[in-house]
Amino acid sequence: MDFSNQVILVTGAARGIGRAIARSFASLGGSVAMHYHTSRQQAEALAQSLPGGKHAAFHADISKPEDCQKLISEIERHYGRLDVLVNNAGIYELKALKSLDYTGWQAAWKRTLDANLTGPANLCFLAAQVMMRQNGGHIINISSRGAFRGEPEALAYGAAKAGLNQLSQSLAWALAPYKIFVGVVAPGFVATGMTAELLDGPQGGAIRAQSPLNRAGTPEEVAQAVVRLSAPGMLYATGCILDVNGASYLRS
Ligand SMILES: NC(=O)c1ccc[n+]([C@@H]2O[C@H](COP(=O)([O-])OP(=O)(O)OC[C@H]3O[C@@H](n4cnc5c(N)ncnc54)[C@H](OP(=O)(O)O)[C@@H]3O)[C@@H](O)[C@H]2O)c1
């Protein structure tokens, strides 16, 4: 795999899974646009430290439609093209139903849907405009096992990720005439800041035991899946949802 001369936008590239994805593309020669929201220093340091192409850090709150537009415009201005969009940034809020009043429920729903579905959808739309002009590109959306298995304590999260799966599959169909690949990677538990409290807490052992490998996934394992789907020769797999969950939830 060689991503030389390709521009890859990774959202949420400063930490966790996004950081591993950015590193993987850079190690394969790609120029990585490292998006960050609050982790500016980490994103800028990563952009400077990685080998490969021309890397740079870009700010956006993806839950704001105007920030999404600014982000894609800045990348087009900076690089003149966009070959791969990886919608990785997201939030995970554990909220037991019984702990919420109606106002709290609505606020939690809106925060999660804005960050995990509307933001990525806006970026898909905007990136697709660039890729349609180029007559090619890859969009990889990071969903979750929770979209299939259910998220009883993070209802908005499960709903947003299920929506992202469906959006990706409809987009795969709509964008196929332009040779734009749209796929999904759906991880199970991965050891990052998002899950540290759960994995380090009393239920950590039971979570690891959900997989017959008896462990959580690593950000690098998710990055491998993203890079492979983005490689040339994968166009006929467009619309796929690739599970990376250590066989902790099997579907056929
Ligand atoms: N970890 C898991 O077990 C797991 C499992 C299934 C799916 N996933 C999915 O994988 C993706 C990455 O998760 P992770 O575990 O790496 O999470 P993480 O370590 O908590 O990182 C989350 C990233 O999202 C960015 N972000 C959050 N809200 C944002 C906003 N409003 N605008 C822009 N960026 C925002 C953060 O940027 P800043 O740091 O710059 O603020 C950060 O880079 C998410 O979509 C998550 O749902 C994770």
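The values are calculated or read from the model by the stated rules, or taken from the named source; none is laboratory data. Quick caveat: nothing in here was measured; it's all calculated off a predicted structure. FYI the Cβ positions are ideal-geometry reconstructions off the backbone, even for glycines, and counts take in every protein chain you see. In case anyone asks, the SASA skips ligands and DNA or RNA and just uses the protein heavy atoms, side chains included. Shrake-Rupley method; radii C 1.70, N 1.55, O 1.52, S 1.80 Å.
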Using alpha carbons only: equivalent-ellipsoid semi-axes of segment 14-78, gyration tensor based, whole Å: 20, 13, 9
Probe 1.4 Å - accessible area at ASP101, Å² to nearest ten: 100
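Decide, for segment 52-193, between rounded, prolate and oblate: order the square roots of the alpha carbon gyration tensor eigenvalues as a ≥ b ≥ c, take rounded if a/c falls under 1.5, and otherwise choose prolate if a/b is larger than b/c, else oblate.
Values: a/c = 2.11, a/b = 1.71, b/c = 1.23.
Since a/c reaches 1.5 and a/b is larger than b/c, the shape of segment 52-193 is classed as prolate.
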Net charge contributed by nearby residues that have their C-beta within less than 15 Å of ALA33 (K/R +1, D/E -1): +2
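Note down the magnitude of the dipole of segment 7-244 about its Cα centre, charges +1 on Lys and Arg C-beta and -1 on Asp and Glu C-beta and zero elsewhere, to the nearest 20 debye. Before the final figure, lay out each step's value.
Details: 21 positive and 17 negative charges, 62 e Å.
The calculated dipole for segment 7-244 is roughly 300 debye.
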Segments 196-206, 210-220 sorted - mean Cβ within 10 Å per residue, highest first: 210-220, 196-206
Inter-part distance where segment 75-140 and segment 1-54 are each reduced to a Cα centre, Å: 18
Hits among aspartates and glutamates - C-alpha to C-alpha of LYS54 under 20 Å, sequence gap 8 or more where chains match: ASP2, GLU44, GLU74, GLU76, ASP83
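Can you put PHE189, PHE3 in order of accessible area, largest first, using a 1.4 Å probe?
The most accessible residue leads, giving PHE189, PHE3.
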GNM top mover of GLY16, GLY136, GLY80 - the chain, alpha-carbon springs below 10 Å: GLY80
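Roll a 1.4 angstrom probe over the protein heavy atoms and tell me the percent of accessible area of segment 7-244 that is carbon or sulfur. Each step should come with its number before you reach the end.
On the way: 5930 of 10860 Å².
Carbon plus sulfur share of accessible area: 55 percent.
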Surface accessible to a 1.4 Å probe, per residue, for the residues of the chain, Å²: 47
P(r) weight above 21 Å for segment 84-152, C-alpha pairs, percent: 39
Cross-link pairs LYS110/LYS179; LYS64/LYS161; LYS70/LYS110; LYS64/LYS95 - those with Cα-Cα distance over 25 Å: LYS110/LYS179
Where N is the number of residues in segment 7-244, Cα Rg divided by 2.2 N^0.38 Å: 0.98
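How many percent of all Cα-Cα pairs in segment 156-211 sit more than 16 Å apart? Let's see the in-between values first.
On the way: 913 of 1540 pairs.
Counting pairs separated by more than 16 Å, the tail of P(r) holds 59 percent.
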Antiparallel DSSP beta bridges within segment 7-244, as percent of all bridges there, nearest 5: 0
